[in-house]
Amino acid sequence: MPADDAPCPCGWGEPYGRCCGALHRGEREATTAEALMRSRYSAFAVGDAAYLLRSWHPGTRPAALDLDDDVRWLHLAVTAVERGGPFDDEGVVAFEAVARADGRRHVQGERSRFAREGGRWVYVDGSPT
Ligand SMILES: [Zn+2]
């Protein structure tokens, strides 16, 4: 886990403890689909599988999630946001995430769908871009 005053992995520019760390600890909820998406990227980066499951739509959530310790997440770039705001019930966030695994650089692009479930934003599913 990064220190609270370390830069947040999501790249927003805030310290981890005031950015995605607060969401991971359940101190507050994401107010937008983009914030939830960023917090999920950060959860991959810090290895918080429990948060990933908790922020997944119950209809599409896997029973368990095994994160690969050999993958290091390096960078996130959000490339498009559709809806997903405080007054929306669904949203789409497109992003590119850069990782290093097996000594090689990987770029993963995805268009993720989010929905509001019981007032909270959750991840529904995604398609590769
Ligand atoms: Zn963050």
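For the charge dipole of segment 16-128, defined by +1 on Lys and Arg C-beta atoms and -1 on Asp and Glu C-beta atoms about the Cα centroid, which residue among Tyr123, Cys20, Leu36 has the Cα displaced farthest towards the positive pole?
So the residue furthest toward the plus end is Cys20.
Using a cut-off of 15 Å between beta-carbons, work out the net charge of the residues near Phe44 (Lys and Arg +1, Asp and Glu -1, Phe44 not included).
Values: positive: Arg38, Arg40, Arg54, Arg72, Arg100; negative: Asp48, Asp66, Asp68, Asp69, Asp70, Glu96, Glu110.
Net charge in that neighbourhood comes out at -2.
Calculate the length of the line joining the C-alpha centroid of segment 89-129 to that of segment 42-63, in whole Å.
Going from one Cα centre to the other spans 12 Å.
Considering just Cα atoms, how many Å³ per residue does the convex hull of the chain enclose?
Each residue corresponds to 104 Å³ of Cα convex hull volume.
Return the percentage of antiparallel bridges among DSSP beta bridges fully within the chain, rounded to the nearest 5 %.
Among the beta bridges of the chain, antiparallel pairing accounts for roughly 95 percent.
Could you give the size of the charge dipole of segment 16-128 about its Cα centre, using +1 on the Cβ of each K and R and -1 on the Cβ of each D and E, expressed in debye and rounded to the nearest 20?
Rounded to the nearest 20 debye, it is 240 debye.
Run the accessible area of the chain with a 1.4 Å probe and give the carbon-and-sulfur part as a rounded percent.
Details: 3500 of 7250 Å².
Roughly 48 percent of what the probe reaches on the chain is carbon or sulfur.
Per residue, how much accessible surface does segment 1-118 expose to a 1.4 Å probe? Answer in Å², no decimals.
57
First select every other residue whose beta carbon is under 12 angstrom from the beta carbon of Leu53; then total the charges, Lys and Arg +1, Asp and Glu -1.
+1
Fully extended, how many nm does the chain gain between Asp68 and His106 (0.36 nm per residue separation, minus their Cα-Cα distance)?
12.3 nm
Considering amide H positions built from the backbone, and no H for Pro or chain starts, which residues 5 or more places from Glu117, or on another chain, come under 5 Å of its amide H?
For Glu117, the qualifying residues are Val122.
Show me, for segment 29-44, the HN-Hα J-couplings you get by feeding each phi into the Karplus relation (A = 6.51, B = -1.76, C = 1.60, θ = phi - 60°), rounded to Hz, glycine and proline as x.
Listing the rounded values in order: 9, 5, 8, 9, 4, 5, 4, 5, 4, 4, 5, 6, 4, 4, 5, 4 Hz.
The values are calculated or read from the model by the stated rules, or taken from the named source; none is laboratory data. Predicted model, so just to flag it, every value in this text is computed and none were measured. Don't worry about glycine lacking a Cβ; one is built from the backbone with ideal geometry, like all the others, and counts go over all protein chains shown. All accessible areas refer to the heavy atoms of the entire protein, side chains included, with ligands and DNA or RNA removed. Shrake-Rupley method; radii C 1.70, N 1.55, O 1.52, S 1.80 Å.
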